[in-house]
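Working notes, structure below.
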Amino acid sequence: MKPIRVPGAVEWSHYFLRGCVTEGDSVVDATAGNGYDTLFLAKLVGEHGKVHAFDVQSAALDSTSERLQEAGVLSRCTLYHRGHEEMSQVLPMGAYAAIIFNLGYLPGGDRTRITRSQTTLEALRQAEDLLAPGGVLVVVTYPGHEGGWEEASAVAAHISELESPQWNVQHIRRANLSHARPPECWAAVRRPA
Ligand SMILES: C[S@@+](CC[C@H](N)C(=O)[O-])C[C@H]1O[C@@H](n2cnc3c(N)ncnc32)[C@H](O)[C@@H]1O
């Protein structure tokens, strides 16, 4: 027997992205933050694909831009200094293979600038329409963070009500640490056309 390394919530989110996204796809990172997810997506879509990434903080976009530049993939990414609740104002419906929300605060930044239930739910509704048939909507929630419990509960209530069979909704979390409220990964796969 060998010791198994169990993935955390962010790794699970990447598992779903990797499974769905192929070269040439267009995808969305709804919370750019420090750009780790944006970079992960930029590698998946390849030089002919496109990543659209949103954040409300210029510090986050600067950090993301620097990371993408260093990796030589900035030209396949468009960064938006606006809230993800405005996604549908700049992106067309039904066009994206994957959309990820990695919620909460900017690591290393201002912990009071967190994602919030009301705008997150509005953005999730838009993301459901922006997703192409067969695409995946991935959400990482942080119920243990300041303000995170309310948002994680709102996301759980919303996403677990997506209709079957149009949506296949998966939920992964560590089940025996509920007092610590560990991060959770949700993935909603839209039924192929
Ligand atoms: C946990 S971080 C994202 C981590 C990031 N995906 C990465 O790989 O480094 C959450 C980010 O959401 C951003 N945020 C907060 N409210 C937002 C909103 N309404 N629209 C878009 N981003 C928002 C914060 O500024 C923060 O940078």
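Data for the structure
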read-out: Output for the stretch 122-137, where each listed residue is among the aliphatic types (A, V, I, L, M) and more than 11 Å from the ligand (Cβ to nearest atom); value: Leu124, Ala127, Leu130, Leu131, Ala132, Val136, Leu137
read-out: Residues located in the stretch 29-43, provided they are over 21 Å from Pro92 (Cα atoms), surrounded by 24 or more Cβ atoms within 10 Å (Cβ to Cβ) and of a type outside the set (D, E, K, R); value: Gly33, Gly35
read-out: Residue within the stretch 44-55 that is at pLDDT 95 or above, surrounded by fewer than 22 Cβ atoms within 10 Å (Cβ to Cβ) and near the ligand (Cβ under 8 Å from one of its atoms) present; value: no
read-out: Total residues in the stretch 16-43, condition more than 13 Å from the ligand (Cβ to nearest atom), in contact with a strand residue (DSSP E or B) (Cβ under 7 Å, 6 or more places away or on another chain) and without any contact (Cβ under 8 Å) to a residue 40 or more places away in the chain; value: 0
read-out: Residues that are within 10 Å of the ligand (Cβ to nearest atom) and assigned to a helix (DSSP H, G or I), drawn from the stretch 91-121; value: Gln118, Thr119, Thr120
read-out: Qualifying positions in the stretch 56-76 - surrounded by 16 or more Cβ atoms within 10 Å (Cβ to Cβ) and within 13 Å of the ligand (Cβ to nearest atom); value: Val56, Gln57, Ala60, Leu61, Ser63, Thr64, Ser65, Arg67, Leu68
read-out: Flag for Glu150 being within 16 Å of the ligand (Cβ to nearest atom), assigned to a helix (DSSP H, G or I) and of a type outside the set (A, V, I, L, M); value: yes
read-out: Whichever residue in the stretch 142-171 is over 23 Å from Thr119 (Cα atoms) and not small (Gly, Ala, Ser) and, among such residues, is surrounded by the fewest Cβ atoms within 10 Å (Cβ to Cβ); value: Pro165
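The values are calculated or read from the model by the stated rules, or taken from the named source; none is laboratory data. All of these numbers come straight from a predicted model, not from anything done at the bench. Using ideal geometry, Cβ is built from the backbone for each residue, glycine included, and neighbour counts are taken over all protein chains shown.
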